[in-house]
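Structure record follows, encoded as structure tokens.
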Amino acid sequence: MSTVLWLLFWLGGLIGLAYLRVSLVVATSAIGAGLLITTFFSHLSWFSLLVLWVIFAGVGFCLNHPDYRRRYIINPAFDLMSKSIPKMSATEKVALEAGTVGWDGELFTGRPQWEKLLTIPAPKLNEEEQAFIDGPVKHLCEMVNDWEVTHQLYDLPEKVWHYLKEQGFFALIIPKKYGGKGFSEFAHSEIIAMLAGRSTTLSSIVSVPNSLGPAELLLRYGTAEQRDHYLPRLAKGEDIPCFALTGPEAGSDAGAISDTGIICKGEFQGKMILGIKLNWNKRYITLAPIATILGLAFKLYDPEHLLGDKKDLGITCALIPTKIPGITIGRRHLPGNIPFQNGPTQGKDVFIPIDWIIGGAPMAGHGWRMLIECLSTGRAISLPSSSLGSARVAAMTTGAYSRIRRQFRTPISSFEGIQEALGRIGGFTYLSDAIRYLTVAMINAGERPSVPGAISKYHVTELGRKIANDAMDVHGGKGIMMGPKNYLGRPYQSVPIGITVEGANILTRNLIIFGQGAIRCHPHLLKEIQAIQHQNMQDFEHELGQHISFFLSNGAAAFFHGLTFAYFASSPVNNALKHYYQKLARASSAFATVADTIMALVGGKLKFRETLSARLGDLLSTQYMMSALLKHYTDQGMPAEDMPLFRWSFDYCLGQFWHAMDGLLRNFPQQWVARILRLVVMPLGLPSYGPKDKLNRKITDILTQPCEARTRLIGNCFISQDETDSVTQLEIALQGSVRHADLFKRICDAAKHTDVAEGTVKQCIDHALTTNVITKEEAETLYHLDKLCEAVIAVDDFSDEELKSGLHTKPKKKSAAKDHDGTDQDTTHPHKTMINQEPNF
């Protein structure tokens, strides 16, 4: 054989051994057999063969002899990893241990087990949940006028507040035995999405008690007495909750909380009891201005050792009625001109019974774990669902508007520049729904997916920002003129809220997604770290061996799939989705190879190399997003009409994956390593560049006419029964424009080469009627449609007096009552006058 064939023989053999993850003994035997074949049949010199046999014998002996393997390989590796493992703070350790690992762990393996994805139960609404959406939820949306809420009242109308309480909107997740709805997380998500499409203010107010408030903490950690007291009151709306975590000096870094609680004895309700003296300063707290019950996170100290030997107990969570002495509720914030109730709260020397800790005294110091496990799950639902609701409205309205709005007698949706924007809007909306769907499905199935929750929150809100920008660009002046007719302005203003709250997106991308996911989800890394911490050399040796086999196998798979365009990668199906699964399988093996290499070389310093961590996080996230698309499209029954949306979204994610891989390797400090990795994972260059332009046209067709694909895309998007509603008018105008498109074309053709060719639509109708091109009945139809289209593209205008007066009715003078600390307290809000009975647990 020629030299090239011998090289191929050895390259193929070594790749095959690594790919199959054979045992050390099998690999040694196979390589020895290969050397024998080479010795007898190749034309290599005796000296070259001698060198190869010496190397084989030395390395093979060391690897297969236990004592030598430990002395020369295991022990040095143990010492090296011991030095490179970063020191973790208490909050980091809790974050790593909290939640569960599901499909996100499969993406780290390089060989995802597809059945684990496809067997996640598809979430569905039951009859009660569907009836609630069709009834109270739609009625609630009908009650809310977002312009009134955001510009006149700066709050929900009082009748809406009462309806929210009466219909149990604050009790979606509370079990029925406590008076709640006991809905699934999927129903919870669908409700938030529908409300967000109508009013961001409304969805924010409903989200907090169900996702980010004390109810979830009580259900999981509260004592029986706490649950029995609070949950029925929360379910009825007798208590309005908020949760106070963020302070001026502690935003994303919970470890920097300066709010303190000191365990001591004090007088409470005339008795000397063991309690906690609290001092806090919190801000950005949603529902704080109207809350009757305050969930509080603080650092708890026991200087007199009244609970035990430990002085610094750590972050703790307690529930505190807001009427007890020492609590101040500050004036309201106005986040992004979206007036959901949000504000600061302070406490000075507030003394509470120690039983007010959520879960009682035994849960002192366990607050951070409680927050990580509960609030991260809620965050995975509330913010992605809210962003999806706004995205659905943007897709629905932008598609309709681009079909109705004409330039040069042509719908602007016919222009390629508009189609490019519509392609992104449709694709990103479909992708957002898929991400939300998979994450909620995992939660519905009983998982607590902390890493997928972070991915969902980050990417769905970021996609929402892109959708909002494109929607505003397509609408032009219509989108920026504020007023009752503007259905985009407030959602556009609210975009930074979702991006900023509950873990700012910069932090999430740069530190959390990969920083948390790498250790939690890697099949061997956490076990190796635990073995090192416990000085367990036997377990370390086993895991290191498995890790090396894992690394070599993924490298071989990545290289092989790169050469064969992934046509031999695994796929659970043989249909139109087969090659998409194979592309994702290739991406998984490439990611596992690169991530392992970088973690080995950078070690503990990776947590400080934020751009590297961010790009690794992008690689993990885009794999999760592609998985979500496959799951979503499959569970929907693989409708052919939706294929353009699926293809655009998948191609976008795949392009983003390889773009992130390219950026990671171009910026990796050890460029010689980067070149080797590039050869391994991208031997033939970049495999994908994103969606093709032809898909934009197909998505435009979906968005600009009533069809089943459009109906599935916009989901439960609310459309009012009031025909004066701006969104309703838009939908009616779209249906009319599509239905009478041929008629409109007829009058435009008749007007060509005439004096009215450049005139108004009304003039074209008049001309067509005069020349008998259309009948009188057809003319009346077109006159009506023209007026409706004019109303749709119209914008609001105001007089100087209206603008100077603030465009809202001046509120009635509020009565002020002096609170216990001498501050003025608003008593006009319907929730401020509630009697709050203090519990005695």
* Structure fact -> Contact list, first residue from the stretch 715-739 and under 10 Å from VAL792 (Cα atoms), second anywhere and among the aromatic types (Phe, Trp, Tyr) and in a helix (DSSP H, G or I), beta-carbon distance below 8 Å, six or more apart or interchain, is LEU730/TYR401
* **Flag if SER450 is at pLDDT 95 or above and polar (S, T, N, Q)** => no
* For the stretch 425-504, list the helices (runs of 4 or more DSSP H) that sit wholly inside it and hold at least 2 residues that are polar (S, T, N, Q); which are they? -> 450-475, 489-500
* The lone exception for GLY270 - which of (1) crowded, with 16+ Cβ neighbours inside 10 Å; (2) of a type outside the set (A, V, I, L, M, F, W, C); (3) out of contact with any Cys (no Cβ under 6 Å at 6 or more places or on another chain) it fails -> (1)
* Which of the residues belonging to the stretch 426-449 are open to solvent by 10 Å² or more (accessible area, probe 1.4 Å), in contact (Cβ under 8 Å) with a residue 12 or more places away in the chain and among the small types (Gly, Ala, Ser)? -> ALA445
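Against the definition (closer than 23 Å to ARG227 by Cα, aliphatic (A, V, I, L, M) and touching a Cys at 6+ places or on another chain (Cβ under 8 Å)), how does ILE358 come out, yes or no?
The answer is yes for ILE358.
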* Structure fact -> Residue pairs within 6 Å by beta carbon, gap of at least six or interchain, first lying in the stretch 187-200 and farther than 14 Å from PRO123 by Cβ, second open to solvent by 20 Å² or more (accessible area, probe 1.4 Å) and among the acidic types (Asp, Glu), listed first then second, are SER199/ASP146
* Asked: Do we find that ASP155 is open to solvent by 30 Å² or more (accessible area, probe 1.4 Å) and within 30 Å of PHE798 (Cβ to Cβ) in this structure?
  -> no
* Structure fact -> Filter the stretch 683-725 for residues that are among the small types (Gly, Ala, Ser) and in contact with a Gly (Cβ under 7 Å, 6 or more places away or on another chain); the one that is surrounded by the most Cβ atoms within 10 Å (Cβ to Cβ) is SER688
* Structure fact -> Contact list, first residue from the stretch 607-618 and closer than 19 Å to SER589 by Cα, second anywhere and among the small types (Gly, Ala, Ser), beta-carbon distance below 7 Å, six or more apart or interchain, is SER613/GLY515; ARG615/ALA660; ARG615/GLY663; LEU616/ALA595; ASP618/ALA660
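Residue by residue, here is whether (1) more than 20 Å from ALA394 (Cβ to Cβ); (2) of a type outside the set (A, V, I, L, M); (3) crowded, with 20+ Cβ neighbours inside 10 Å; (4) at pLDDT below 95 holds:
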site: ASP470; (1), (2), (3), (4): no, yes, yes, no
site: ALA504; (1), (2), (3), (4): yes, no, no, yes
site: ARG509; (1), (2), (3), (4): yes, yes, yes, yes
site: GLN516; (1), (2), (3), (4): yes, yes, yes, yes
site: PRO523; (1), (2), (3), (4): yes, yes, no, yes
site: ASP539; (1), (2), (3), (4): yes, yes, no, yes
* Asked: Hey, HIS162 hits all of (1) in a helix (DSSP H, G or I); (2) within 27 Å of TYR230 (Cα to Cα); (3) at pLDDT below 95; (4) not small (Gly, Ala, Ser) but one; which does it fall short on?
  -> (3)
* Quickly run through the stretch 134-151 and pick out the residues that are buried (at least 17 other Cβ atoms within 10 Å of the Cβ) and not charged (D, E, K, R). => PRO136, VAL137, LEU140, CYS141, VAL144, ASN145, TRP147, VAL149, THR150, HIS151
* Any chance you could count how many residues in the stretch 634-645 are part of a helix (DSSP H, G or I) and surrounded by fewer than 24 Cβ atoms within 10 Å (Cβ to Cβ)? => 6
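The values are calculated or read from the model by the stated rules, or taken from the named source; none is laboratory data. Computed from a prediction, not measured in an experiment: that's the story for all the values here. So basically every Cβ, Gly included, is an ideal-geometry build from the backbone, and we count neighbours across all protein chains shown. Note: accessible area is taken over every heavy atom of the protein model, side chains too, but ligands, DNA and RNA are not part of it. Shrake-Rupley method; radii C 1.70, N 1.55, O 1.52, S 1.80 Å.
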